[in-house]
1. Just to be sure I understand the filter: pairs with C-beta atoms under 6 Å, separated by 6 or more residues or on different chains, first member in region 30-42 and touching a residue at least 24 places away in the same chain (Cβ under 8 Å), second member charged (D, E, K, R) and loosely packed, with under 15 Cβ neighbours inside 10 Å. Which pairs pass?
2. Where in region 61-131 are there strands (runs of 3 or more DSSP E), lying fully within it, with 3 or more residues that are touching a residue at least 60 places away in the same chain (Cβ under 8 Å) and more than 16 Å from ligand 2 (Cβ to nearest atom)?
3. Can you tell me which residue among 118, 79, 98 is β-branched (Val, Ile, Thr) and out of contact with any Leu (no Cβ under 8 Å at 6 or more places or on another chain)?
4. Conditions first: (1) charged (D, E, K, R); (2) under 16 Å from the mean Cα position of the chain (by Cα); (3) farther than 20 Å from residue 123 by Cβ. Residue 111 passes all but one, so which condition is the exception?
5. If I filter region 48-60 down to residues being surrounded by 20 or more Cβ atoms within 10 Å (Cβ to Cβ) and part of a loop (DSSP other than H, G, I, E, B), which single residue comes out as farthest from ligand 1 (Cβ to nearest atom)?
6. Condition first: within 14 Å of ligand 2 (Cβ to nearest atom) and not aliphatic (A, V, I, L, M). Now tell me which residues in region 177-222 satisfy that.
7. Please count how many residues of region 7-26 are surrounded by 16 or more Cβ atoms within 10 Å (Cβ to Cβ) and farther than 13 Å from residue 239 by Cα.
8. In region 27-47, how many residues are basic (Lys, Arg) and crowded, with 19+ Cβ neighbours inside 10 Å?
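Each value in this text was obtained by applying a stated rule to the coordinates, not by laboratory testing. Remember, it's a predicted structure, so these values are computed and weren't measured experimentally. For neighbour counting, all protein chains shown are included, and Cβ atoms are generated from backbone atoms with ideal geometry for every residue, glycine included.
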Amino acid sequence: MSERITIKSQREIEAMKAAGAVVRDTLLLLEKSAAVGVTTEELNRIADDYIRSCGAIPSFLNYEGYPKSICTSVNEQVVHGIPGGYKLKDGDILSVDVGAILNGYHGDAARTILIGNVKEEVKKLVEVTRECFFKGIEQAVAGNHIADISAAVEACAKEHGYGVVRDLVGHGIGTHMHEPPEVPNFADRARGRGPRLYPGMTIAVEPMINLGTADVAVLKDGWTVVTRDAKPSAHYENTIAITTGKPEILTL
Ligand code: MF3
Ligand code: CO
């Protein structure tokens, strides 16, 4: 991770928009491909092929030793689930997280996909997680602080009694997948208000919201983050750019 928050030029933001488009289109393809009986490894293959066909590189592959090109996290898995032989079942929710590098710039985004008939209560969790992102980025305007985004995401989740994951956070993004600043999904006195937002900052805002408590653990594979109470969790992420007006979403 580079040390300082970087301000991107208009040219750089255009480059990030191009990388973001690859990520967005990969996610759309995954949304069409994910169905009962499909394995998460098959989805990994589809995504990897598509990203490369765009002349981009899947940024997750080999990132700190991560073995696959996307993350697929089912039900109680929060994030960083590793694609494999698991066959999607009716009623599952599947979070897919995709990152791509195009011409040196990164895009990073995630969606939670409903597989077949999902229980009403779980569907609601998925909808609210997306809503939390949009509430968060209403605050992503120049002059506000990172904590204004965090507080808005947290308030949205708490309104529904959900657990907000605290162990993982959003992040700056650009020529690296993870740049400063951290973008928590909760407001924390100890962290203060965080950096102020300026036009040209690019960040990934990514609420990870649990139906039950906020507590998570990591499986023995060293990657997969799961809820401790085994209740479902949803994830929704986009890369955005701070502008002089409303934030620009680069992966939607
Ligand atoms: N999108 C994830 C993040 O923001 C990255 C996945 S971790 C990886 O942290 F190891 F798979 F790359
Ligand atoms: Co991210």
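1. 36/90; 37/87; 39/87
2. Values: elements: 70-74, 77-79, 93-102, 105-114.
Result: 93-102.
3. Working: 79 fails: out of contact with any Leu (no Cβ under 8 Å at 6 or more places or on another chain); 98 fails: out of contact with any Leu (no Cβ under 8 Å at 6 or more places or on another chain).
Of 118, 79, 98, the one residue that is β-branched (Val, Ile, Thr) and out of contact with any Leu (no Cβ under 8 Å at 6 or more places or on another chain) is 118.
4. For residue 111, the exception is condition (3).
5. Among those that are surrounded by 20 or more Cβ atoms within 10 Å (Cβ to Cβ) and part of a loop (DSSP other than H, G, I, E, B), it is 56.
6. Filtering region 177-222 down to residues within 14 Å of ligand 2 (Cβ to nearest atom) leaves 177-185, 202-208.
Selection gives 178, 179, 180, 181, 182, 184, 185, 202, 206, 207.
7. Taking region 7-26 first, the residues surrounded by 16 or more Cβ atoms within 10 Å (Cβ to Cβ) are 8, 12-13, 15-26.
Within this subset, residues satisfying the condition of being farther than 13 Å from residue 239 by Cα are 8, 12, 25-26.
Going through region 7-26 one residue at a time, the tally reaches 4.
8. The initial filter retains those residues of region 27-47 that are basic (Lys, Arg), namely 32, 45.
Subsequent filtering for residues that are crowded, with 19+ Cβ neighbours inside 10 Å retains none.
Total satisfying the criteria: 0.
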